[in-house]
Amino acid sequence: MDDLIYFDNAATSFPKPEIVYEFMDTFYRRAGVSPGRSGYDIGLEAGQLLEETRCLLTRYFNGNSPERLVFSANSTDALNLAISGMVKPGGHVITTTLEHNAVLRPLYHLSRYNGVDVDYIPFDGNGFVNPEDFKSRFRSDTCLVVVNHASNVIGTIQPLKEIGRLCRQYEVPFLVDASQTAGKIPIDVQDLNIDVVAFTGHKSLMGPTGVGGLYVRNPVIIRHSRAGGTGVKSAARHHLEEYPYRLEYGTLNILGIAGLNAGFKWLLERSMHSVHQHETHLISRLAQALGQIDRVTTYCANRLEDHIGVLSFNVNGFEAASTGTLLDGEYNIACRTGLHCAPLVHECLKTDKIHGTVRVGVGPFNTAAQVDQMVKAVREIASLYGKP
Ligand SMILES: Cc1ncc(COP(=O)(O)O)c(C=O)c1O
């Protein structure tokens, strides 16, 4: 649909840059074989693409060991690997109420079956956690701190550097969920004191679905919770200890990695910074205009300087899903509605009682004119309130 306005980029970026579709097609036809496992030419070519992509992403995270950049299916998969491999049975974890279910559910699981105790740091009225609040939560059995870099509901970017500094001080590993920020803003694991960062390929890194991963700083240890083929040292009875094999299992998604490679290069050519500026400019325009409509509530949108291009709102008197249905059916605007897999955010905002929010996630291909169309649509929907 040519005139569709797609505002669900926080779920997955769409469309992808043309080069992503083209490169996936040509690469997969030419060399879509198991990477790095055999000596024939196209096997080597696939292996080279894999290693080049590891290096590109390692550089982005300012890591110094490309082999510690491991690929998985998405950030949910990566976070499960990290959490299950870092949390000790009966141990203590500090996290926040901004987390996505990709963090919350693995932690709930560990609480239920392994006696893990979890503390949740709340966010303030502007949507930010205060590093000071972490201080009193560290205990002798704290084995992990895990924080969402930017909320997928309200878009606020959290103060990682200070939290990471505390983690160093208390000698507790620091895991960051960068699902919403990887590809939007710089993520320097050294500067931000991050030990492990989880990313997904299909959002701002502009790749396809089905690929994500971790960067694990040296000498942080993640125990492997799975085992299987690695393509090397096949006679070993146990899964390999060395990276990247330690955390990679079975044949990698080389088609997804090809798309991620092309998407990330496209982003670098275009300048990640300018894409982010474009998106934050659009979201400010939207927040400002929605703020002027009677009967519209925006959430944590007063201080937009530490935000990504994500904004939640509701039209008072309407459930989020009804607003979403009207936007879709009457205006051809695609937004996500509901809890966005982050139920604790809604408990804090009290939007759980009204079944969540309408979320706008802008991307590189959105325009100011589309934002204006959205504002017009919301104004019309708000004017329907109370009419039969
Ligand atoms: C903050 C956050 N964490 C984790 C995820 C999970 O990402 P994926 O579905 O790619 O595993 C998402 C995706 O919506 C997210 O926004």
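Details
- Annotation note: trypsin sites (Lys or Arg not before Pro) in the range 209-267 located in DSSP loop regions with a Cβ neighbour count of at most 14 within 10 Å are 223, 226, 233, 237.
- Over all other residues within a Cβ to Cβ distance under 10 Å of residue 344, the charged ones net out to -3, with Lys and Arg as +1 and Asp and Glu as -1.
- Value of [θ]222 nm, deg cm²/dmol, for the chain, DSSP H segments ≥ 4, -39500 (n - 2.57) each, nearest 500: -12000 deg cm²/dmol
- Under the combined filter of DSSP loop state and at most 15 neighbouring Cβ atoms within 10 Å, the range 235-267 retains these GluC sites (Glu not before Pro): 241, 242.
- For the chain, the longest principal axis of the alpha carbon atoms and the long axis of helix 18-31 meet at an angle near 30°.
- Which listed pairs, of 16/233; 135/203; 135/350; 161/184, have C-alpha distances above 29 Å, in listed order: 16/233; 135/203
- If you wrap the Cα atoms of the range 175-317 in a convex hull and average its projected area over all directions, you get 11.6 nm².
- Shape call, the range 114-192: gyration tensor on alpha carbons, a/c limit 1.5: prolate
- For the range 284-327, the mean projected area of the C-alpha convex hull, equal to one quarter of the hull surface, is 3.3 nm².
- Ranked by solvent-accessible area (1.4 Å probe, protein heavy atoms only, all chains present), the residues 22, 269 order from largest to smallest as 269, 22.
- Angle between the chain longest axis and helix 368-383 axis [Cα atoms, degrees, rounded to 10]: 50 degrees
- Theoretical FRET efficiency, 1/(1+(r/R0)^6), r = Cβ-Cβ of residue 113 and residue 139, R0 25 Å, to 0.05: 0.75
- Restricting the calculation to Cα atoms, the chain shows an Rg/Rh of 0.99 when the hydrodynamic-style radius is the Kirkwood one.
- Counting only alpha carbon atoms, the long axis of helix 272-291 and the longest principal axis of the chain meet at about 30°.
The values are calculated or read from the model by the stated rules, or taken from the named source; none is laboratory data. In this text, all values refer to a predicted model and were calculated from it rather than measured experimentally. Don't worry about glycine lacking a Cβ; one is built from the backbone with ideal geometry, like all the others, and counts go over all protein chains shown. All accessible areas refer to the heavy atoms of the entire protein, side chains included, with ligands and DNA or RNA removed. Shrake-Rupley method; radii C 1.70, N 1.55, O 1.52, S 1.80 Å.
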